[in-house]
1. Under 30 Å from GLY317 (Cα atoms), assigned to a helix (DSSP H, G or I) and in contact with a helix residue (DSSP H, G or I) (Cβ under 9 Å, 6 or more places away or on another chain), is that true of VAL117?
2. If PRO127 satisfies all but one of (1) in contact (Cβ under 8 Å) with a residue 60 or more places away in the chain; (2) crowded, with 17+ Cβ neighbours inside 10 Å; (3) in a helix (DSSP H, G or I), what's the number of the condition it fails?
3. Any idea which residue in the range 176-195 is nearest to the chain's Cα centre (by Cα), counting only those that are exposed (fewer than 13 other Cβ atoms within 10 Å of the Cβ) and in a helix (DSSP H, G or I)?
4. I'd like the residue in the range 138-160 that is in a helix (DSSP H, G or I) and small (Gly, Ala, Ser) and, out of all such residues, is farthest from GLU123 (Cα to Cα).
5. So which residues in the range 302-338 are touching a strand residue (DSSP E or B) at 6+ places or on another chain (Cβ under 8 Å), among the charged types (D, E, K, R) and on the phi < 0 side of the Ramachandran plot, if there are any at all?
6. Tell me which residues, restricted to the range 84-100, are at pLDDT below 95, surrounded by 15 or more Cβ atoms within 10 Å (Cβ to Cβ) and out of contact with any Leu (no Cβ under 9 Å at 6 or more places or on another chain).
7. Step by step: first the residues of the range 78-106, then only those that are touching a strand residue (DSSP E or B) at 6+ places or on another chain (Cβ under 8 Å) and among the acidic types (Asp, Glu), then the one that is nearest to ALA31 (Cα to Cα). Which residue is that?
8. Among all residue pairs at least 6 apart or on different chains, which show Cβ distances below 8 Å where the first residue, located in the range 108-122, is farther than 16 Å from LEU83 by Cβ and the second is part of a helix (DSSP H, G or I) and modelled with pLDDT of 80 or more?
Amino acid sequence: MVDTGFARLLQGVPMPAMLVQREDRVLACNALALALLGDGIVDRNPAVAVRTPAVLSAISAAARSGGVHEARMTIRRDGQEQLFQVTVSAQGEGLVLCIFRDISEVEKAGAMRRDFVANVSHELRTPLTALIGFIETLRHAARDDPAARDRFLAIMEHEAGRMNRLVRDLLQLSRVEAEERVRPKDAVEVRGLLEGVISSLKGVAEREGSTVVLAGAGAVVPGDQDQLTQVFTNLIENALKYGAAGQVVRVTLSPEDTVRGPAVRVEVADQGEGIDPVHIPRLTERFYRVDSHRSREMGGTGLGLAIVKHIVSRHRGWLRVDSTPGEGSRFSVVLPLG
(Lines give C-alpha, C1' and ligand atoms only; values in the text may rest on other atoms or scores of the structure.)
Protein backbone atom coordinates (compact mmCIF):
# COMPACT_ATOMS: atom_id res chain seq x y z
CA MET A 1 0.00 0.00 0.00
CA VAL A 2 1.12 3.55 -0.68
CA ASP A 3 2.09 5.64 2.31
CA THR A 4 -0.94 7.72 3.39
CA GLY A 5 1.24 10.81 3.67
CA PHE A 6 2.37 10.36 0.09
CA ALA A 7 -1.27 9.91 -0.99
CA ARG A 8 -2.29 13.14 0.76
CA LEU A 9 0.65 14.90 -0.85
CA LEU A 10 -0.52 13.66 -4.24
CA GLN A 11 -3.91 15.33 -3.66
CA GLY A 12 -2.13 18.65 -3.15
CA VAL A 13 -0.44 18.58 -6.57
CA PRO A 14 -2.18 21.26 -8.70
CA MET A 15 -2.03 19.09 -11.84
CA PRO A 16 -3.18 15.55 -12.61
CA ALA A 17 -0.75 13.20 -10.84
CA MET A 18 -0.51 9.43 -10.86
CA LEU A 19 1.78 7.17 -8.82
CA VAL A 20 2.76 3.87 -10.43
CA GLN A 21 4.40 0.88 -8.74
CA ARG A 22 6.99 -1.05 -10.79
CA GLU A 23 5.43 -0.02 -14.11
CA ASP A 24 2.57 -2.48 -13.77
CA ARG A 25 0.14 -1.05 -11.19
CA VAL A 26 -1.41 2.35 -10.57
CA LEU A 27 -0.90 2.87 -6.86
CA ALA A 28 -2.65 6.19 -6.37
CA CYS A 29 -4.06 9.20 -8.24
CA ASN A 30 -5.24 12.60 -7.22
CA ALA A 31 -8.75 13.79 -8.08
CA LEU A 32 -7.52 15.70 -11.15
CA ALA A 33 -5.94 12.56 -12.58
CA LEU A 34 -9.14 10.57 -12.03
CA ALA A 35 -11.13 13.28 -13.82
CA LEU A 36 -8.65 13.19 -16.70
CA LEU A 37 -7.95 9.47 -17.01
CA GLY A 38 -11.14 7.95 -15.63
CA ASP A 39 -12.37 6.37 -12.43
CA GLY A 40 -11.42 2.83 -11.50
CA ILE A 41 -7.81 3.00 -12.67
CA VAL A 42 -6.24 2.54 -9.22
CA ASP A 43 -4.77 -0.96 -8.73
CA ARG A 44 -4.87 -1.57 -12.48
CA ASN A 45 -2.16 -1.57 -15.13
CA PRO A 46 -1.16 1.97 -16.30
CA ALA A 47 -2.08 0.94 -19.86
CA VAL A 48 -5.72 1.05 -18.76
CA ALA A 49 -5.37 4.72 -17.84
CA VAL A 50 -2.87 5.84 -20.44
CA ARG A 51 -3.06 4.57 -23.99
CA THR A 52 -0.12 6.56 -25.34
CA PRO A 53 2.89 4.29 -26.05
CA ALA A 54 5.40 7.11 -25.43
CA VAL A 55 4.10 7.65 -21.89
CA LEU A 56 4.07 3.93 -21.11
CA SER A 57 7.65 3.66 -22.40
CA ALA A 58 8.67 6.56 -20.16
CA ILE A 59 7.07 4.85 -17.13
CA SER A 60 8.89 1.62 -17.94
CA ALA A 61 12.23 3.41 -18.38
CA ALA A 62 11.84 5.29 -15.08
CA ALA A 63 10.89 2.13 -13.20
CA ARG A 64 13.85 0.15 -14.56
CA SER A 65 16.65 2.72 -14.73
CA GLY A 66 15.44 5.73 -12.74
CA GLY A 67 15.76 9.35 -13.81
CA VAL A 68 13.27 11.78 -15.28
CA HIS A 69 11.61 11.20 -18.64
CA GLU A 70 9.30 13.36 -20.76
CA ALA A 71 6.54 12.35 -23.14
CA ARG A 72 3.54 13.92 -24.82
CA MET A 73 -0.02 12.68 -24.74
CA THR A 74 -3.13 13.77 -26.61
CA ILE A 75 -6.60 13.20 -25.15
CA ARG A 76 -9.86 13.99 -26.91
CA ARG A 77 -12.58 15.27 -24.57
CA ASP A 78 -15.87 17.02 -25.31
CA GLY A 79 -15.05 17.04 -29.01
CA GLN A 80 -11.71 18.82 -28.52
CA GLU A 81 -8.14 17.63 -28.31
CA GLN A 82 -5.99 18.42 -25.28
CA LEU A 83 -2.21 18.10 -25.39
CA PHE A 84 -0.33 17.14 -22.23
CA GLN A 85 3.35 17.19 -21.38
CA VAL A 86 3.88 14.18 -19.11
CA THR A 87 6.83 14.27 -16.72
CA VAL A 88 7.70 10.77 -15.46
CA SER A 89 10.16 10.56 -12.57
CA ALA A 90 11.49 7.68 -10.50
CA GLN A 91 10.81 8.08 -6.74
CA GLY A 92 12.77 5.08 -5.47
CA GLU A 93 11.57 1.71 -4.19
CA GLY A 94 9.96 0.99 -7.56
CA LEU A 95 7.66 4.03 -7.46
CA VAL A 96 7.16 6.25 -10.52
CA LEU A 97 5.40 9.60 -10.38
CA CYS A 98 3.60 10.90 -13.49
CA ILE A 99 2.60 14.56 -13.70
CA PHE A 100 0.30 15.66 -16.56
CA ARG A 101 0.65 19.32 -17.59
CA ASP A 102 -1.92 20.70 -20.03
CA ILE A 103 0.02 22.57 -22.73
CA SER A 104 -2.86 22.94 -25.21
CA GLU A 105 -3.05 26.73 -24.89
CA VAL A 106 0.73 27.11 -25.01
CA GLU A 107 0.88 25.07 -28.21
CA LYS A 108 -2.06 26.96 -29.67
CA ALA A 109 -0.41 30.31 -28.89
CA GLY A 110 2.83 29.09 -30.45
CA ALA A 111 1.03 27.94 -33.59
CA MET A 112 -0.76 31.30 -33.80
CA ARG A 113 2.55 33.14 -33.52
CA ARG A 114 4.10 31.00 -36.24
CA ASP A 115 1.09 31.48 -38.51
CA PHE A 116 1.13 35.21 -37.85
CA VAL A 117 4.81 35.55 -38.76
CA ALA A 118 4.30 33.41 -41.86
CA ASN A 119 1.28 35.48 -42.95
CA VAL A 120 3.03 38.81 -42.40
CA SER A 121 6.07 37.56 -44.29
CA HIS A 122 3.87 36.43 -47.17
CA GLU A 123 1.90 39.68 -47.27
CA LEU A 124 5.11 41.77 -47.34
CA ARG A 125 7.04 39.52 -49.72
CA THR A 126 4.67 40.01 -52.66
CA PRO A 127 4.81 43.84 -52.84
CA LEU A 128 8.53 43.85 -51.98
CA THR A 129 9.26 41.42 -54.82
CA ALA A 130 7.27 43.63 -57.19
CA LEU A 131 9.13 46.76 -56.06
CA ILE A 132 12.53 45.12 -56.44
CA GLY A 133 11.63 43.85 -59.89
CA PHE A 134 10.39 47.23 -61.12
CA ILE A 135 13.41 49.04 -59.68
CA GLU A 136 15.68 46.67 -61.57
CA THR A 137 13.67 47.21 -64.77
CA LEU A 138 13.78 51.00 -64.38
CA ARG A 139 17.54 50.90 -63.91
CA HIS A 140 18.06 48.93 -67.11
CA ALA A 141 15.42 48.01 -69.74
CA ALA A 142 13.00 50.91 -69.06
CA ARG A 143 15.59 53.56 -68.29
CA ASP A 144 14.88 55.49 -71.49
CA ASP A 145 11.20 54.60 -71.86
CA PRO A 146 9.07 57.40 -70.31
CA ALA A 147 5.75 55.57 -70.83
CA ALA A 148 7.00 52.38 -69.16
CA ARG A 149 8.64 54.39 -66.39
CA ASP A 150 5.39 56.17 -65.54
CA ARG A 151 3.45 52.90 -65.60
CA PHE A 152 5.96 51.13 -63.37
CA LEU A 153 6.14 54.03 -60.94
CA ALA A 154 2.35 53.95 -60.59
CA ILE A 155 2.47 50.23 -59.79
CA MET A 156 5.31 50.79 -57.32
CA GLU A 157 3.29 53.49 -55.61
CA HIS A 158 0.35 51.09 -55.33
CA GLU A 159 2.53 48.32 -53.84
CA ALA A 160 4.25 50.73 -51.41
CA GLY A 161 0.81 51.93 -50.30
CA ARG A 162 -0.23 48.33 -49.73
CA MET A 163 2.78 47.74 -47.45
CA ASN A 164 2.08 50.99 -45.63
CA ARG A 165 -1.54 49.95 -44.96
CA LEU A 166 -0.39 46.56 -43.73
CA VAL A 167 2.12 48.08 -41.28
CA ARG A 168 -0.51 50.60 -40.13
CA ASP A 169 -3.06 47.86 -39.46
CA LEU A 170 -0.50 45.70 -37.67
CA LEU A 171 0.38 48.57 -35.36
CA GLN A 172 -3.30 49.32 -34.79
CA LEU A 173 -4.03 45.67 -34.00
CA SER A 174 -1.13 45.61 -31.53
CA ARG A 175 -2.40 48.74 -29.75
CA VAL A 176 -5.97 47.45 -29.58
CA GLU A 177 -4.86 44.09 -28.15
CA ALA A 178 -2.70 45.87 -25.54
CA GLU A 179 -5.71 47.97 -24.41
CA GLU A 180 -8.35 45.23 -24.67
CA ARG A 181 -8.67 44.69 -20.90
CA VAL A 182 -9.16 48.40 -20.19
CA ARG A 183 -12.72 49.45 -20.90
CA PRO A 184 -13.06 53.02 -22.26
CA LYS A 185 -15.34 55.34 -20.30
CA ASP A 186 -15.86 58.43 -22.49
CA ALA A 187 -19.46 59.14 -23.51
CA VAL A 188 -19.94 58.52 -27.24
CA GLU A 189 -23.12 59.50 -29.09
CA VAL A 190 -23.50 56.67 -31.59
CA ARG A 191 -25.76 58.28 -34.19
CA GLY A 192 -23.59 61.37 -34.46
CA LEU A 193 -20.52 59.15 -34.83
CA LEU A 194 -22.22 57.18 -37.62
CA GLU A 195 -23.22 60.36 -39.43
CA GLY A 196 -19.58 61.42 -39.39
CA VAL A 197 -18.42 58.05 -40.70
CA ILE A 198 -20.98 58.07 -43.52
CA SER A 199 -19.95 61.60 -44.49
CA SER A 200 -16.27 60.59 -44.61
CA LEU A 201 -17.14 57.67 -46.92
CA LYS A 202 -19.18 59.78 -49.33
CA GLY A 203 -16.44 59.57 -51.96
CA VAL A 204 -16.30 55.76 -51.72
CA ALA A 205 -20.09 55.57 -52.05
CA GLU A 206 -20.06 57.80 -55.12
CA ARG A 207 -17.35 55.72 -56.80
CA GLU A 208 -19.42 52.58 -56.22
CA GLY A 209 -22.64 54.31 -57.29
CA SER A 210 -24.14 53.35 -53.94
CA THR A 211 -26.04 55.08 -51.15
CA VAL A 212 -25.77 54.75 -47.38
CA VAL A 213 -29.04 55.17 -45.45
CA LEU A 214 -29.01 55.70 -41.67
CA ALA A 215 -32.08 54.94 -39.56
CA GLY A 216 -32.88 54.71 -35.87
CA ALA A 217 -32.64 56.84 -32.76
CA GLY A 218 -29.33 57.75 -31.18
CA ALA A 219 -27.83 56.35 -28.00
CA VAL A 220 -24.90 57.19 -25.75
CA VAL A 221 -22.41 54.44 -24.87
CA PRO A 222 -19.18 54.41 -22.85
CA GLY A 223 -16.47 54.12 -25.45
CA ASP A 224 -13.47 55.33 -27.37
CA GLN A 225 -14.59 57.73 -30.12
CA ASP A 226 -11.66 57.02 -32.43
CA GLN A 227 -11.85 53.24 -32.07
CA LEU A 228 -15.60 53.09 -32.63
CA THR A 229 -15.15 55.33 -35.66
CA GLN A 230 -12.68 52.78 -36.99
CA VAL A 231 -15.13 49.93 -36.35
CA PHE A 232 -17.98 51.48 -38.31
CA THR A 233 -15.72 52.91 -41.01
CA ASN A 234 -14.45 49.40 -41.64
CA LEU A 235 -17.91 47.79 -41.69
CA ILE A 236 -19.57 50.44 -43.87
CA GLU A 237 -16.61 50.68 -46.27
CA ASN A 238 -16.60 46.88 -46.62
CA ALA A 239 -20.32 46.93 -47.37
CA LEU A 240 -19.75 49.54 -50.08
CA LYS A 241 -16.74 47.83 -51.64
CA TYR A 242 -17.81 44.20 -51.49
CA GLY A 243 -21.55 44.63 -51.90
CA ALA A 244 -23.31 45.03 -55.24
CA ALA A 245 -22.58 48.19 -57.23
CA GLY A 246 -25.39 50.74 -57.13
CA GLN A 247 -26.81 49.24 -53.96
CA VAL A 248 -28.26 50.75 -50.81
CA VAL A 249 -26.25 50.08 -47.66
CA ARG A 250 -28.56 50.31 -44.66
CA VAL A 251 -27.18 51.30 -41.26
CA THR A 252 -29.77 50.79 -38.52
CA LEU A 253 -29.68 51.63 -34.81
CA SER A 254 -32.05 49.78 -32.52
CA PRO A 255 -32.36 49.19 -28.76
CA GLU A 256 -31.33 45.76 -27.52
CA ASP A 257 -32.02 44.01 -24.21
CA THR A 258 -29.21 41.67 -23.23
CA VAL A 259 -28.34 39.58 -20.19
CA ARG A 260 -25.88 42.34 -19.28
CA GLY A 261 -28.53 45.05 -19.47
CA PRO A 262 -29.71 47.56 -22.08
CA ALA A 263 -27.60 47.99 -25.21
CA VAL A 264 -27.71 49.45 -28.70
CA ARG A 265 -27.40 47.39 -31.86
CA VAL A 266 -25.83 48.90 -34.96
CA GLU A 267 -26.51 46.81 -38.06
CA VAL A 268 -24.76 47.36 -41.39
CA ALA A 269 -26.60 45.53 -44.17
CA ASP A 270 -25.55 45.29 -47.82
CA GLN A 271 -27.13 43.82 -50.93
CA GLY A 272 -24.10 41.94 -52.16
CA GLU A 273 -23.42 38.34 -53.04
CA GLY A 274 -23.49 37.20 -49.44
CA ILE A 275 -21.01 34.96 -47.68
CA ASP A 276 -20.98 31.18 -47.65
CA PRO A 277 -21.70 29.98 -44.06
CA VAL A 278 -18.43 28.01 -44.04
CA HIS A 279 -16.47 31.29 -43.98
CA ILE A 280 -18.41 33.15 -41.28
CA PRO A 281 -16.74 31.62 -38.15
CA ARG A 282 -13.31 32.60 -39.53
CA LEU A 283 -14.02 36.12 -40.78
CA THR A 284 -12.36 37.79 -37.78
CA GLU A 285 -9.17 35.72 -38.00
CA ARG A 286 -6.05 37.65 -38.94
CA PHE A 287 -5.40 37.59 -42.69
CA TYR A 288 -8.45 35.43 -43.40
CA ARG A 289 -10.13 36.45 -46.65
CA VAL A 290 -13.17 35.01 -48.40
CA ASP A 291 -11.74 36.14 -51.76
CA SER A 292 -8.02 36.78 -51.37
CA HIS A 293 -7.41 38.17 -54.86
CA ARG A 294 -10.36 40.56 -54.77
CA SER A 295 -9.50 41.75 -51.26
CA ARG A 296 -5.90 42.55 -52.21
CA GLU A 297 -6.98 44.30 -55.40
CA MET A 298 -9.22 46.55 -53.31
CA GLY A 299 -6.42 47.36 -50.87
CA GLY A 300 -7.53 45.05 -48.06
CA THR A 301 -4.94 43.80 -45.57
CA GLY A 302 -6.98 40.95 -44.09
CA LEU A 303 -6.77 42.57 -40.64
CA GLY A 304 -9.80 44.86 -40.64
CA LEU A 305 -12.31 42.51 -39.04
CA ALA A 306 -9.72 41.24 -36.56
CA ILE A 307 -9.27 44.86 -35.41
CA VAL A 308 -13.06 45.30 -35.28
CA LYS A 309 -13.43 42.18 -33.10
CA HIS A 310 -10.82 43.36 -30.58
CA ILE A 311 -12.24 46.89 -30.39
CA VAL A 312 -15.78 45.58 -29.86
CA SER A 313 -14.46 43.20 -27.20
CA ARG A 314 -12.72 46.10 -25.45
CA HIS A 315 -16.11 47.86 -25.32
CA ARG A 316 -17.62 44.71 -23.73
CA GLY A 317 -19.80 44.27 -26.79
CA TRP A 318 -19.99 41.60 -29.46
CA LEU A 319 -20.00 41.26 -33.23
CA ARG A 320 -22.46 39.09 -35.14
CA VAL A 321 -22.44 38.22 -38.84
CA ASP A 322 -25.54 36.98 -40.68
CA SER A 323 -25.35 36.22 -44.37
CA THR A 324 -27.06 34.16 -47.02
CA PRO A 325 -25.40 33.64 -50.41
CA GLY A 326 -27.23 35.75 -52.97
CA GLU A 327 -29.07 37.81 -50.35
CA GLY A 328 -26.40 40.08 -48.89
CA SER A 329 -24.79 40.29 -45.46
CA ARG A 330 -25.57 41.92 -42.11
CA PHE A 331 -22.82 42.84 -39.66
CA SER A 332 -24.20 43.76 -36.24
CA VAL A 333 -22.32 45.37 -33.36
CA VAL A 334 -24.02 45.34 -29.96
CA LEU A 335 -22.67 47.87 -27.46
CA PRO A 336 -23.84 48.04 -23.81
CA LEU A 337 -25.22 51.40 -22.65
CA GLY A 338 -23.56 51.17 -19.28
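The values are calculated or read from the model by the stated rules, or taken from the named source; none is laboratory data. Fair warning: this is a prediction, and the values are worked out from it, not measured in the lab. Using ideal geometry, Cβ is built from the backbone for each residue, glycine included, and neighbour counts are taken over all protein chains shown.
1. Working: under 30 Å from GLY317 (Cα atoms): yes; assigned to a helix (DSSP H, G or I): yes; in contact with a helix residue (DSSP H, G or I) (Cβ under 9 Å, 6 or more places away or on another chain): no.
In short, no.
2. (1)
3. Filtering the range 176-195 down to residues exposed (fewer than 13 other Cβ atoms within 10 Å of the Cβ) leaves 178, 181-182, 185-187, 192.
Remaining after also requiring in a helix (DSSP H, G or I): 178, 192.
On the way: ALA178: 15, GLY192: 31 Å.
Among those residues, the one meeting the criterion is ALA178.
4. Restricting attention to the range 138-160, the residues satisfying the condition of being in a helix (DSSP H, G or I) are 138-139, 146-160.
Within this subset, residues satisfying the condition of being small (Gly, Ala, Ser) are 147-148, 154, 160.
Details: ALA147: 29, ALA148: 26, ALA154: 20, ALA160: 12 Å.
Ranking the candidates gives ALA147 first.
5. Matches in the range 302-338: LYS309, ARG320, ASP322, ARG330.
6. GLY94
7. From the range 78-106, those touching a strand residue (DSSP E or B) at 6+ places or on another chain (Cβ under 8 Å) are 81-91, 94-104; that's our starting set.
Restricting the remaining residues to those that are among the acidic types (Asp, Glu) gives 81, 102.
Numbers: GLU81: 21, ASP102: 15 Å.
So, considering only residues that are touching a strand residue (DSSP E or B) at 6+ places or on another chain (Cβ under 8 Å) and among the acidic types (Asp, Glu), the one nearest to ALA31 (Cα to Cα) is ASP102.
8. Sorted first by the residue in the range 108-122, then by its partner, the pairs are VAL120/LEU166; VAL120/LEU170.
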